[in-house]
1. Provide a single number: the residues in the range 26-40 that are free of Cβ contacts under 8 Å to residues at least 24 places away in the same chain and touching a helix residue (DSSP H, G or I) at 6+ places or on another chain (Cβ under 8 Å).
2. Just give me the residues in the range 28-38 being modelled with pLDDT of 95 or more and loosely packed, with under 14 Cβ neighbours inside 10 Å, in sequence order.
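The values are calculated or read from the model by the stated rules, or taken from the named source; none is laboratory data. On a predicted model such as this, the values are computed, not experimentally measured, just so you know. Here Cβ is always computed from backbone atoms with ideal geometry, including for glycine, and neighbour counts include all displayed protein chains.
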Amino acid sequence: MKLANVAGRLSVVLDDGVVDVEQASNGRFSMDPQLCFERWDELFLWASESSLSAIAPFDSHSLGAPAPRPRQVFASD
């Protein structure tokens with residue numbers, strides 16, 4: 001399963017396009033990409049058991065940060 005932040009919305013990336021997670025799950029999961037980490041196991045199970053089909057073409061120009069608001073940032077000098 002490949003997840004992405006597409007135009008600020010959590011999406012599953014398929015070979016032929018992307019699926020908006022909030023729409024496909026009927027609101028079970030948030031559109032906010034950051035919130036997927038809190039329910040990772042549940043989201044993974046849902047995505048693996050669902051028969052998802054792409055609802056939009058994949059446009060790499062619309063990709064955002066995978067973790068828009070990271071809780072930790074590490075850096076070294």
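1. 4
2. 28
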